[in-house]
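First comes the structure, then the notes that go with it.
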Amino acid sequence: MTIRNMSSLLSMALRSSKFGSLGRPFTNAIRSRAFGTAAAAEEPIVPPVQANLTQLLIDGQFVDSASGKTFPTLDPRTGQVIAHVSEGDAEDINRAVAAARKAFDKGPWPKMTAYERSQVLYRFADLIEKHNDELAALETWDNGKPYEQASQIEVPMLVRLMRYYAGWADKIHGLTVPADGSYHVQTLHEPIGVAGQIIPWNFPLLMYAWKVGPALACGNSIVLKTAEQTPLSALYVSNLLLEAGLPPGVLNVISGFGPTAGAALASHMDVDKIAFTGSTTTGQIVLELAAKSNLKSVTLELGGKSPFIICEDADIDEAVELAHFALFFNQGQCCCAGSRTFVHERVYDEFVEKSKARAAKRVVGDPFKKGVEQGPQIDVEQFEKVLRYIKSGIEHGATLEVGGERIGDKGYYIQPTIFTNVEEDMPIVTDEIFGPVQTILKFKDLDEVIHRANRTPYGLAAGVFTKNLDTANTLMRALRAGSIWINCFDVFDAAIPFGGYKMSGLGREKGVYSLSNYLQVKAVVTPLKNPAWL
Ligand code: ADP
């Protein structure tokens with residue numbers, strides 16, 4: 001698979017239907033088994049990896065938490081324990097911040113040449129590539145996402161992101177500024193210091209890469225807190241980073257819970273910056289903790305309820321496949337999921353019929369099994385939350401077109417679900433469900449759909465499906481969201497910035513934009529003493 005393919009999650013969805021080789025196993029499996037056949041009832045496949053790294057990473061060492069406490073991380077296929085992981089708390093955050101501070105203030109990292117730092121990141125990318133399959137297996141085991149997705153798309157994207165930021169490390173520099181008066185003025189772009197990073201469970205490795213890559217490229221040190229549901233892959237991959245030559249203390253990884261370890265990091269007086277990805281509610285807490293402690297700078301990547309607009313001129317078969325992918329990818333657990341599917345009234349009926357057929361054919365089952373498109377939801381809490389939303393949709397009078405039930409009697413599998421006849425104020429339309437539940441809405445004209453698409457506190461992403469250039473130009477400007485995907489969705493190349501309008505976040509990650517999150521700009525002014533040469 002080429003980098004180009006890897007960079008586009010969309011390519012998987014399209015190839016799986018009719019465009020080529022990668023998707024052949026998907027297509028075969030789709031023909032042979034629909035979701036109703038409770039693959040969850042089969043014995044779970046034994047993951048081809050072991051969960052050996054379970055301690056905290058502080059100052060280059062894997063260590064127990066100060067309290068000695070651990071917590072279980074669970075297999076979403078069964079709810080059974082994979083491993084007991086050290087539980088970091090405020091005291092461990094203190095230890096990790098002290099190590100990161102030392103590495104930044106005294107240690108070699110910010111003082112190494114930028115070229116040397118870039119070489120560490122390149123070696124890291126090579127090691128990830130070498131361990132692609134083990135890492136993908138660990139991610140699938142802890143998270144429940146299809147192994148083919150983890151191994152063919154996500155781990156290669158992690159490699160791509162690390163190489164992208166390795167490339168930036170020795171290309172970061174300031175400017176010479178033509179100021180008025182007899183002064184020489186320059187800007188120094190300096191690392192910001194100790195970066196605190198809090199990541200979620202839906203894409204543990206990619207969220208790691210979006211945060212760790214730019215922070216290290218700019219010369220910062222890091223304390224990263226993983227999500228309590230998925231602590232394993234970050235520990236594994238950070239061990240590779242040490243092997244690649246990262247000095248001790250530059251990256252510290254704390255497993256633990258939000259209100260304890262997460263809050264301690266966000267409010268720490270010796271942390272210079274906090275980057276958070278997660279729910280909007282928690283983002284507000286993090287922002288408040290940052291403001292009330294030391295006013296550390298904050299970037300937030302939060303929730304969404306993204307519109308996916310299918311215009312009357314769209315190729316319906318492609319639109320159905322793309323809208324299906326936009327919502328159901330990763331078990332519907334994407335902050336940017338195209339969860340409000342707006343369809344023009346002239347093509348609505350055909351679209352709904354074909355979407356139902358597509359959802360009914362979605363292959364749900366053990367994520368380690370070849371051809372499986374959808375695994376279990378992450379945990380019992382999310383599983384029950386999604387089922388509650390489905391129940392609320394039915395109770396509010398929406399039409400349940402397909403799905404709506406759990407699959408099997410163990411693990412957290414849910415049928416791909418579609419609602420029509422939804423009203424805009426129903427919770428299934430207003431709230432971020434974070435599960436495999438698509439709502440399909442009908443629209444008449446462009447002005448109306450723009451208004452309705454923007455009628456949400458979120459603004460993370462939007463999809464547009466049209467062949468008309470004028471329509472595309474209008475929608476790309478009118479939609480208030482940080483990413484507009486036209487005739488595609490979920491295209492996540494390392495160079496493309498990502499982030500939200502409104503309550504979907506603050507700032508941008510990925511691409512060149514991410515670097516400014518991790519840099520201070522220092523203006524340096526010197527008088528020019530010999531006016532003859534001005
Ligand atoms: P979700 O509800 O999807 O689990 P959260 O926003 O709660 O999303 O979690 C995302 C990340 O934020 C996780 O790493 C979690 O531990 C962390 N987190 C949760 N609560 C807090 C908090 N009060 N302070 C800091 N981090 C938190």
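The values are calculated or read from the model by the stated rules, or taken from the named source; none is laboratory data. This one's a predicted model, so the numbers in the text were calculated from it and none came from an experiment. Cβ placement follows ideal geometry from the backbone for every residue including glycine, while neighbour counts extend to all protein chains displayed. To get the accessible areas, we keep the full protein, side chains included, count just its heavy atoms, and leave off ligands, DNA and RNA. Shrake-Rupley method; radii C 1.70, N 1.55, O 1.52, S 1.80 Å.
Worth a mention:
- Of all the criteria given as (1) of a type in the set (Phe, Trp, Tyr); (2) open to solvent by less than 10 Å² (accessible area, probe 1.4 Å); (3) within 13 Å of the ligand (Cβ to nearest atom), the one not satisfied by residue 329 is (3).
- Positions within segment 288-310 being crowded, with 23+ Cβ neighbours inside 10 Å and of a type in the set (Asp, Glu), in sequence order: 301
- Segments classed as strands (runs of 3 or more DSSP E), wholly inside segment 370-461, with at least 3 members that are open to solvent by 10 Å² or more (accessible area, probe 1.4 Å): 399-402
- Residue satisfying all of: in segment 88-114; among the charged types (D, E, K, R) and part of a helix (DSSP H, G or I); most open to solvent (accessible area, probe 1.4 Å) among these: 91
- Meets criteria (away from the ligand (no atom under 12 Å from the Cβ) and either touching a residue at least 12 places away in the same chain (Cβ under 8 Å) or under 16 Å from the mean Cα position of the chain (by Cα) (or both)) for residue 211: no
- Residue 40 being at pLDDT below 95, of a type in the set (Gly, Ala, Ser) and open to solvent by less than 30 Å² (accessible area, probe 1.4 Å): yes
Each row is one residue, and each column tells you yes or no for (1) over 22 Å from residue 369 (Cα atoms); (2) within 16 Å of the ligand (Cβ to nearest atom).
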position: 121; (1), (2): yes, no
position: 124; (1), (2): yes, no
position: 150; (1), (2): no, no
position: 183; (1), (2): yes, no
position: 199; (1), (2): yes, yes
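- Members of segment 248-267 found to be away from the ligand (no atom under 11 Å from the Cβ) and open to solvent by less than 40 Å² (accessible area, probe 1.4 Å), listed by number: 249, 250, 251, 252, 253
- Restricting attention to segment 225-239, the residues being more than 10 Å from the ligand (Cβ to nearest atom) and under 15 Å from residue 59 (Cα atoms) number 3.
- Selected residue [out of contact with any Pro (no Cβ under 7 Å at 6 or more places or on another chain) and outside the structural domain of residue 407 (by TED's automatic domain parsing)] from 77, 101: 101
- Checked against the criterion of being touching a helix residue (DSSP H, G or I) at 6+ places or on another chain (Cβ under 8 Å), open to solvent by less than 10 Å² (accessible area, probe 1.4 Å) and at pLDDT 95 or above, the candidates 274, 285, 316 yield just one match: 274.
- Lone unmet requirement of (1) small (Gly, Ala, Ser); (2) surrounded by 24 or more Cβ atoms within 10 Å (Cβ to Cβ); (3) modelled with pLDDT under 95 for residue 221: (3)
- A count restricted to segment 470-486 and to residues that are among the polar types (S, T, N, Q) and either free of Cβ contacts under 8 Å to residues at least 24 places away in the same chain or in contact with a Gly (Cβ under 7 Å, 6 or more places away or on another chain) (or both) stands at 1.
Yes/no matrix, rows are residues, columns are (1) within 24 Å of the chain's Cα centre (by Cα); (2) aromatic (Phe, Trp, Tyr):
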residue: 101; (1), (2): no, no
residue: 109; (1), (2): no, yes
residue: 127; (1), (2): yes, no
residue: 132; (1), (2): yes, no
residue: 159; (1), (2): yes, no
residue: 179; (1), (2): no, no
residue: 188; (1), (2): no, no
residue: 199; (1), (2): yes, no
